[in-house]
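The values are calculated or read from the model by the stated rules, or taken from the named source; none is laboratory data. Owing to the predicted nature of the structure, the values given are computational and were not obtained by experimental measurement. Here Cβ is always computed from backbone atoms with ideal geometry, including for glycine, and neighbour counts include all displayed protein chains.
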Amino acid sequence: MKTVFSLVLALCLFSAPLALAQAPGAKGLMLPGDMTSELADVAIDAAIKKAQEQGTLMNIAVVDAGGNLKAFHRMDGSFLASIDLAIKKAYTARSLNMPTTTLAEASNQPGAELYGIEVTNGGMVIFGGGELIKDKDGTIIGAIGASGSSVANDVAVAKAGAEAVLKAFK
């Protein structure tokens, strides 16, 4: 009985802050210049459209300015392994403020400046498919990662998502 009471009490205590965060005034709780849910949806929708045009099945992740997962979409039939890759591509791009294709160039060869970086920070992804998302002023507000096909297709899908957000500001 004591366990049930504790559980109910915990739910009551934690559901009030959660409800406030979802309230219409929650916008004031966000950091300025951060990825909004609406912009994350714009990125996801554009990325899905590009993947469909290519005939590819993708996992698509959007992170906010702090590198935290903001939105995720797994297209039906896409590779399960690509779930983690998409999230890590987005995080890697944001945590290093560069597209993952740029990171690949600096880390793929022994002796390269960033060789071995992929084993740091809980695992980074050092091949294409992670792109920065910027606002109209060029401020990084998040990143997008796409995974599920060739590197070239992943890059095209991620770029489509990032470009759609930029266009949303104009």
(message) For the stretch 45-61, give me the residue count where each residue is closer than 11 Å to Ile144 by Cα and surrounded by fewer than 21 Cβ atoms within 10 Å (Cβ to Cβ).
(response) 0
(message) Report every pair of residues separated by at least 6 positions or lying on different chains whose Cβ atoms are under 8 Å apart, first residue within the stretch 117-131 and among the small types (Gly, Ala, Ser), second at pLDDT 95 or above and assigned to a loop (DSSP other than H, G, I, E, B).
(response) Gly128/Pro99; Gly130/Pro99
(request) Report, ordered by the first and then the second residue, all pairs with beta carbons closer than 9 Å, sequence separation of six or more or different chains, a first member in the stretch 37-56 that is part of a loop (DSSP other than H, G, I, E, B), and a second member that is surrounded by 20 or more Cβ atoms within 10 Å (Cβ to Cβ) and of a type in the set (Val, Ile, Thr). (result) Thr56/Val157
